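Just below is one structure, and these are the notes that go with it.
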Protein chains: 2
Amino acid sequence: MADIPATGGETLLFLTDEQLRKGIEAMFFAYRGFTADPDRILEEHGYGRAHHRAVHFINRQPGLTVTTLLDVLGVTKQSLNRVLRTLIEDGLVESRVGTKDRRERRLHLTDKGAALERELSEAQRGRMRAAYRAAGPQAVAGFRQVLEAMMDPQQLRHYQSMRDGG
Amino acid sequence: MADIPATGGETLLFLTDEQLRKGIEAMFFAYRGFTADPDRILEEHGYGRAHHRAVHFINRQPGLTVTTLLDVLGVTKQSLNRVLRTLIEDGLVESRVGTKDRRERRLHLTDKGAALERELSEAQRGRMRAAYRAAGPQAVAGFRQVLEAMMDPQQLRHYQSMRDGG
DNA sequence: ACTTTATGTCAGCCTTGTTGACTTTCCAAG
DNA sequence: CTTGGAAAGTCAACAAGGCTGACATAAAGT
């Protein structure tokens, strides 16, 4: 990337519109690749991306409430409920009444749900792993820095709420 | 990131599932931020993301044919046509019969279309610029390396077909 | 003349998002 | 104990934007 040393020691970027547009299109095309493998698997099972997202976050944080999941996903409860209902009906997700507050529904994956989650995330991790290996460790660090800086503060909060594996 | 030097001089990454999952969620949350600003603007104008994508690529490559645009966007002609028709009716896009091959329709933005494109891309570039500045030049290079490695070969082809501003 | 390509269009379907209205359950404060 | 409000679920209706299939037209190529 074109950059020039600044007087203070840090570097200043030449952020031309062309460079920024390149970054924008990189996001667009890469996101397509990012979802391509799970999409294929989901189609075989008769599910969509919305199901993937639900299953992913339930797996990440077993026992989370519907409200929490709504907040993370950023959709309406009606929209989520449609997805959640089919997952529960199909026996992938279990909805347990909260022990302390019995209005809450604590969401868990069943064995069947965990199996689908594994299938989906293995495919997605496979591509991510390949991209990481191809780009190298320094690139990976930069990748995550830029993505984090691109998030809305609310989203960043959800992102950071996890234990970090690296 | 955790990495260990290998015997050959290159580095081997510890690609734990946790690290990969973090990268996956970074993509998910960042993509939401990435589309948030244009989405707001589009809504004011009564358009959707599909219109944004069409306008973006027509602006990038004025005079491109419908078939080319279909290939870049990766949707069906029926789907694109619906979007393209409203853009032409609203006077944002002009469809000119090809001079050499008169079956082709060459797509161009009108002044009005270019104005919307500018409004959208300025918002999106604004966020991208802020993220780039926050992360620094080295991070930006890594960001693009990982994204490129994540694309499908076909998508990579479209991505690379452009002149690179950096 | 015939085939193929590029484009457009109609009809219908699905997923996944939305809003609005309403109910049930249940915790917690008065 | 009653009541307010939060959590959850449900029904209806709608829109955007994907998809398939079928078909029409114009123009290019063989």
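The values are calculated or read from the model by the stated rules, or taken from the named source; none is laboratory data. Here the structure is a predicted model, which means the values were calculated and not measured. A quick note on method: Cβ atoms are made from the backbone with ideal geometry, for glycine too, and the neighbour counts reach across all protein chains shown. Note: accessible area is taken over every heavy atom of the protein model, side chains too, but ligands, DNA and RNA are not part of it. Shrake-Rupley method; radii C 1.70, N 1.55, O 1.52, S 1.80 Å.
Side notes on the structure shown:
- Peptide-level mean, for A:151-159, of C-beta atoms on other protein chains within 10 Å: 5
- Segment A:22-92, relative contact order in percent, only Cα pairs under 8 angstrom and at least six apart counted: 25 percent
- For chain A: relative contact order, % (alpha-carbon pairs under 8 angstrom, 6 or more apart): 19 percent
- Accessible area per residue for segment B:34-128, computed on protein heavy atoms with a 1.4 Å probe, is 54 Å².
- At q = 0.12, 0.17 Å⁻¹ the log10 of I(q)/I(0) for segment A:36-101 amounts to -0.30, -0.60, computed by Debye summation with a single uniform scatterer per C-alpha, solvent ignored.
- Surface composition of the protein assembly as shown: carbon and sulfur make up 49 percent of the accessible area, probe 1.4 Å.
- Available extension along the chain between B:ARG85 and B:GLN154 is 22.2 nm, counting 0.36 nm per residue and deducting the alpha carbon span.
- For residues of A:116-124, the mean tally of beta carbons on other chains within 10 Å: 1
- Where A meets B: accessible area buried, both sides, 1.4 Å probe, Å²: 7000 Å²
- Ordering of B:53-61, A:138-146, B:100-108, A:106-114 by burial proxy (mean other Cβ atoms within 10 Å per residue, highest first): A:138-146, B:53-61, A:106-114, B:100-108
- Once the Cα atoms are used to define both axes, helix B:17-45 deviates from the longest principal axis of chain B by about 30 degrees.
- Between helix B:49-60 and chain B: long-axis angle, C-alpha atoms, 0 to 90°, nearest 10: 90 degrees
- Set of aspartates and glutamates with alpha-carbon distance to B:LYS22 below 20 Å, sequence-local pairs under 8 removed: A:ASP37, A:ASP39, A:ASP71, A:GLU117, A:GLU119, A:GLU122, A:GLU148, A:ASP152, A:ASP164, B:ASP3, B:GLU148
- Degrees, to the nearest 10: A:77-89 long Cα axis against longest axis of chain A: 60 degrees
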